[in-house]
1. For the condition over 31 Å from the mean Cα position of the chain (by Cα), farther than 24 Å from Phe87 by Cβ, in the same structural domain as Phe88 (by TED's automatic domain parsing) and not in a loop (DSSP other than H, G, I, E, B), what is the one hit in Val188, Val138?
2. Considering only residues that are assigned to a loop (DSSP other than H, G, I, E, B) and surrounded by 10 or more Cβ atoms within 10 Å (Cβ to Cβ), look in region 33-75 and name the one that is modelled with the highest pLDDT.
3. Which pairs turn up if I take residues in region 36-52 that are hydroxyl-bearing (Ser, Thr, Tyr) and look for partners that are not in a helix (DSSP H, G or I) with beta carbon separation below 7 Å, at least 6 apart in sequence or on another chain?
4. Identify, from the list Leu235, Leu265, Leu193, Leu200, the residue that is touching an Asp or Glu at 6+ places or on another chain (Cβ under 9 Å) and outside any loop (DSSP other than H, G, I, E, B).
5. Which one is farthest from Cys199 (Cα to Cα), of the residues in region 249-273 that are more than 29 Å from the chain's Cα centre (by Cα) and acidic (Asp, Glu)?
6. Go through region 251-268 and give me each residue that's modelled with pLDDT under 90 and closer than 27 Å to Lys178 by Cβ.
7. Restricting the search to region 205-220, which residues are in a loop (DSSP other than H, G, I, E, B), closer than 19 Å to Glu177 by Cβ and at pLDDT 85 or above?
8. Can you tell me which residues in region 108-135 are modelled with pLDDT under 85 and either part of a loop (DSSP other than H, G, I, E, B) or not assigned by TED's automatic domain parsing to the domain that holds Leu95 (or both)?
Amino acid sequence: MASKKQQADRAEFKRYKEDVKKEGKPFFPYAILHDTIMSLVVVAVIIGLSVIWKFTVDDGEPGALGPLYEAEADPATTDFVPRPDWFFYFLFYLLRIFKWPETVVLGTVGIPTVLLVLLLMLPFYDRRPERKILRRPVAVVAAILVVLSMGVLTWKGATAKEALGSETVELVPEWAEKQGFADDPEAVAGATLFAESGCLNCHLYLGAGGQNLGAPDLSEEGAKGRGVEWQVEHLENPGSKVPGSPMPSFADLGTENLLKIATFLEASKGPQE
């Protein structure tokens, strides 16, 4: 014999079906069909605008939607700081909170995955018929916390300052004095290139920069006695000297610039007393 709760659930479901017949249509297939059609319309509009943008350009002259391309990308640029689109700023800043390698997986995979699973499972674990906002305090508080968290992280990510080359170059004279290579123009030039090339985004040097992806502190790199040739080959192809290294190749800087950076690294034997 059905319990009172089961009878109430059945009565509620019966009323729901009656309301659907009188006032609306079920989610499947009607709402899904409408969403599918609207998605196809949006995709078609994007494709149409792309075709117009592509084929209205005449011999490099801007078309109906602007020029086809601006200046070509420079793979050897040293003053560009990559940043994600604004809707990824919250995740971008989350990576600043969780450090490599101990907790970065928690920030990049753990938390977003748990929250996504909770969102997908919402229709299964929240089966209350109540819809009035004031009678759902837990759901309301959770929604407010999510919105506030996303908003704060997005704002922090948008206003986060990066280690720009122009700022870190100002540290070169201090490095040269502390490391004792102020009289070596080749090493000073290499230090400048090191600062401009964004190396401090991953490496530490005399307290400046950050340690990402397990990158080592290079303040005493020269004390390891590896030699300029080793440094150049490592900069050209990091994986050839350190198997599995996540460091990208800097071969685009050219051999002459790599020699300068290598000279700087070999001159970096730690602060001189």
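1. Among Val188, Val138, only Val138 is over 31 Å from the mean Cα position of the chain (by Cα), farther than 24 Å from Phe87 by Cβ, in the same structural domain as Phe88 (by TED's automatic domain parsing) and not in a loop (DSSP other than H, G, I, E, B).
2. Among those residues, the one meeting the criterion is Thr56.
3. Final answer for the pair search is none.
4. Unique residue meeting the criteria: Leu265.
5. Glu273
6. The answer is Leu253, and nothing else.
7. Listed by number, the residues that qualify are Leu206, Leu218, Ser219, Glu220.
8. Result: Asp126, Arg127, Arg128, Pro129, Glu130, Arg131, Lys132.
The values are calculated or read from the model by the stated rules, or taken from the named source; none is laboratory data. Model, not experiment: these values are computed from the prediction. Using ideal geometry, Cβ is built from the backbone for each residue, glycine included, and neighbour counts are taken over all protein chains shown.
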